[in-house]
1. Is it true that some residue in the range 244-261 is surrounded by 14 or more Cβ atoms within 10 Å (Cβ to Cβ), in contact with a helix residue (DSSP H, G or I) (Cβ under 8 Å, 6 or more places away or on another chain), at pLDDT 85 or above and closer than 30 Å to ASN349 by Cβ?
2. Among the residues of the range 158-198, which ones are buried (at least 20 other Cβ atoms within 10 Å of the Cβ) and of a type in the set (Phe, Trp, Tyr)?
3. Looking at the range 273-298, which of its residues are in a loop (DSSP other than H, G, I, E, B) and within 19 Å of GLU333 (Cβ to Cβ)?
4. Hey, can you tell me all the residues within the range 33-63 that are touching a residue at least 12 places away in the same chain (Cβ under 8 Å) and more than 26 Å from SER193 (Cβ to Cβ)?
5. Between ASN230, ASN260, which is more than 28 Å from LEU389 (Cβ to Cβ) and not basic (Lys, Arg)?
6. Are there helices (runs of 4 or more DSSP H) fully within the range 300-408 with at least 3 residues that are modelled with pLDDT of 70 or more? List them.
7. List the pairs whose first member sits in the range 122-150 and is in a helix (DSSP H, G or I) and crowded, with 16+ Cβ neighbours inside 10 Å, whose second member is at pLDDT 85 or above and among the charged types (D, E, K, R), and whose Cβ atoms are under 6 Å apart, counting only residues at least 6 apart or on separate chains?
Amino acid sequence: MELQFSQLFEDVHWVAYACLPVMAALIGWGTNWLAIQMTFYPFKYRGVAPLLGWQGVIPKKAEKMASIVVDRTISRFGNMDDIFKKLEPEKITAQIISQIEPRIEEYIDEIMYERQAVLWDNLPITIKKKVYDWAHSQIPRRIEGLVAEFGLELSSLIDIKELFVEELKENPELMVRIFQEVGANEFNFIVKSGLLFGFMFGCLQVPLWLQHGEFWMLPTFGFVVGFATNWLALNVIFRPLYPRSFLGMTFQGLFLRRQNEVADVWSRLIAEELITVERAANAMVFGRHARRTRAIIQKHIRPVLDQAGILKLVAQLTVGASGYVELKRALNEKAIEVSVKPFHDESFNNNRSGVVAEAMSERMKALSPSEFQDVLRPAFQEEELQLMLIGGVLGAVAAATQWLFIFS
């Protein structure tokens, strides 16, 4: 009976030894999966600061990463003037006119009733109609000149880095979504490769464990598996930088081999989510260079009232010079207020986003491999070593648990 029990005990141990590669594979898979999750989640810090908690690497470093991405990629795609030419200024002009021209009379009424209601109420209909007609004839020409000057000054009116960074700082989940979609294949590979690399390490572990069988060996191997599988996966994704041939086969980092595909996805997401016509217009009117933008708007819009003939004469005779100046100021404020409204049109934004994406994609495809890797690499570099160490610790804990329940 005692002999049978001893034999059963030995059989169980041999099964356990055989399972070591499987357990190592599971540890490799689990630690890699967890490393990816910790890269993205949670969006906000959870736990007890500063040590007993975690915030996703990308949400935590969203502002800094956005700055890195702009410096290493977006800034290489040319300045805003180049993008503006691709957007076809005549179509932007037509969009503004189509949105503003039908409401010109409404805007004039709003200005006059807000600043000079008595004057406007007492003007004959014929004079009001002359004012409306004058505005209808002048505004399209003024808008055309305004768009043309914006095109010449765009690089000094929009800080593309500020536009990019501020939005991602406020919405780190957007940064996460962009990285997830762009690097979907690579992130899946990291998780799945943990199985293969872990299994390989487990096979190396078996003969050493059979020979020595010391407790410390399993946690040590668990740490190595957790750490090394992450390290290997990242290097397979980004190395070698340039194609290399070996035994008739060509090798290159998985991410780098997908440069054309990634360029299309990345450019589409950036154009649709960040560098839209609407966001650019908002940045011009309300951003760091808003004063310059408003001065250009005023330069083109103010003459509309100065050259309004009979309205100018009537206004000066009835409300005086100061009242007339108030009307000019009100006209300028209204022009600024409505300047971004034409770009709220979703279909127009989507149409123009395609143009921006195409321009960006062309330049991105032309990047060298060392430049191109910086699109995704910053997502890992910031906390790469820390994630590997966490993977190693979790692997050691899993292996210690394995020893406790099977071999102890």
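1. For the range 244-261, residues surrounded by 14 or more Cβ atoms within 10 Å (Cβ to Cβ), in contact with a helix residue (DSSP H, G or I) (Cβ under 8 Å, 6 or more places away or on another chain), at pLDDT 85 or above and closer than 30 Å to ASN349 by Cβ: present.
2. The answer is PHE164, PHE179, PHE187, PHE197.
3. Residues of the range 273-298 that are in a loop (DSSP other than H, G, I, E, B), as a first pass: 274-276, 287-289.
The answer is GLY287, HIS289.
4. Within the range 33-63, PHE43, LYS44, TYR45, ALA62, GLU63 meet the criteria.
5. Working: ASN230 fails: more than 28 Å from LEU389 (Cβ to Cβ).
So the residue among ASN230, ASN260 that is more than 28 Å from LEU389 (Cβ to Cβ) and not basic (Lys, Arg) is ASN260.
6. Numbers: elements: 310-318, 320-338, 346-365, 369-372, 378-381, 384-402.
Hits in the range 300-408: 320-338, 346-365, 369-372, 384-402.
7. Pairs found: none.
Results for (1) small (Gly, Ala, Ser); (2) part of a helix (DSSP H, G or I), shown as yes or no for each residue.
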site	(1), (2)
GLY202	yes, yes
PRO207	no, yes
TRP231	no, yes
THR250	no, no
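The values are calculated or read from the model by the stated rules, or taken from the named source; none is laboratory data. As the structure is a prediction and not an experimental result, all values here were calculated from the model. Glycine also receives a Cβ, built like all others from the backbone with ideal geometry; neighbour counts cover every protein chain displayed.
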